[in-house]
Amino acid sequence: MQIFAGLGNPGSQYAGNRHNIGFMAVDAIQRRHSFSPWSKKFKALVSEGEIAGERVLLIKPQTYMNLSGEAVGEAMRFYKLEPKDIVAIYDELDLIQGKARIKTGGGHGGHNGIKSLDAHCGREYRRLRLGIGHPGSKEQVHNHVLGDFAKADRVWLEPLIEAIADNADMLVKGEDSQLLNKLTLATGGKPEPEPVKPTGKSHIRQARNNAQPKALPTTGPMADMLKKLFGNKGE
């Protein structure tokens with residue numbers, strides 16, 4: 001079993017906030033994969049279903065962002081799960097709008113919801129960070145994250161959220177690089193290049209081999225032309 005924890009603040013006044021992009025993502029997964037209706041449990045709204053043959057619990061903590069870990073930690077302990085079974089989905093100021101990154105563990109980066117999850121669940125859970133962009137100065141951050149997405153943001157926000165729902169099976173199976181490529185393509189970017197596999201040959205030797213002159217033709221029109229240019233030297 002896995003827990004997908006979308007982070008945000010409860011209440012209609014926060015529904016369109018940038019800080020609530022985690023709620024938006026799990027809402028889209030719940031709709032796309034025919035999960036159970038939302039119900040109240042663990043100080044949260046939860047919905048259960050199955051993706052890629054695995055049971056998944058979607059959770060939206062109702063404790064407000066800075067206490068998100070209380071709800072997620074309670075669910076983790078109830079189902080006897082470990083941090084590695086949790087995927088937190090949340091907003092990231094330090095990524096440009098529409099950019100996504102995923103990793104296991106790491107710092108909280110000043111995100112209060114992640115601070116709380118670290119405290120209640122441990123740190124070795126997977127983190128799907130969704131870029132909302134930085135407003136430019138520290139003084140503007142509060143209003144930025146608690147401000148609603150602009151209409152212009154729909155060009156990347158809706159495709160991003162839908163792509164997360166469409167490819168939730170990759171999230172379940174841990175196919176992180178493939179998922180990120182899908183999200184990048186959905187928002188109009190270029191996929192990440194595949195890592196170059198080492199050939200086992202020294203790059204210096206390979207360069208020397210590539211620099212070796214190719215054998216000249218000895219018969220045919222090209223050979224005749226070379227003989228006219230350079231004569232029969234060496235014969």
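In this entry, residue 35 passes the filter for residues that are under 21 Å from residue 172 (Cβ atoms), of a type in the set (A, V, I, L, M, F, W, C), at pLDDT 95 or above and part of a loop (DSSP other than H, G, I, E, B).
Assess whether residue 162 counts as being within 23 Å of residue 31 (Cβ to Cβ), of a type in the set (D, E, K, R) and part of a helix (DSSP H, G or I). Yes, satisfied.
Residues that are loosely packed, with under 14 Cβ neighbours inside 10 Å, closer than 20 Å to residue 18 by Cβ and modelled with pLDDT under 90 within the range 154-201 comprise just one, 188. When 98, 53, 69, 109 are checked against the criterion of being under 21 Å from residue 130 (Cβ atoms) and surrounded by fewer than 20 Cβ atoms within 10 Å (Cβ to Cβ), a single residue qualifies: 109.
Residue 124 meets all of the listed conditions (1) loosely packed, with under 14 Cβ neighbours inside 10 Å; (2) touching a Lys or Arg at 6+ places or on another chain (Cβ under 9 Å); (3) among the acidic types (Asp, Glu); (4) in a helix (DSSP H, G or I) but one, namely (4). From the list 78, 4, 23, 42, the one residue that fits, being out of contact with any Ser or Thr (no Cβ under 7 Å at 6 or more places or on another chain) and on the phi > 0 side of the Ramachandran plot, is 42. Contact list please: Cβ distance under 6 Å, first residue in the range 1-14 and touching a residue at least 40 places away in the same chain (Cβ under 8 Å), second residue among the charged types (D, E, K, R) and outside any strand (DSSP E or B), pairs at least six apart or on different chains. Close Cβ pairs satisfying both conditions: 2/85. Exactly one residue out of 44, 52 is in contact (Cβ under 8 Å) with a residue 12 or more places away in the chain, of a type in the set (Gly, Ala, Ser) and in contact with an Asp or Glu (Cβ under 6 Å, 6 or more places away or on another chain): that is 52. Under the condition of being closer than 21 Å to residue 8 by Cβ and assigned to a strand (DSSP E or B), which residue from the range 54-87 is nearest to the chain's Cα centre (by Cα)? So, considering only residues that are closer than 21 Å to residue 8 by Cβ and assigned to a strand (DSSP E or B), the one nearest to the chain's Cα centre (by Cα) is 87. Pairs meeting the criteria (first residue in the range 95-124 and within 19 Å of residue 183 (Cβ to Cβ), second residue exposed (fewer than 15 other Cβ atoms within 10 Å of the Cβ), beta carbons under 7 Å, at least 6 apart or on different chains) are 104/124.
The values are calculated or read from the model by the stated rules, or taken from the named source; none is laboratory data. Bear in mind the structure is a predicted one, so any value in this text is a computation, not a measurement. Glycine also receives a Cβ, built like all others from the backbone with ideal geometry; neighbour counts cover every protein chain displayed.
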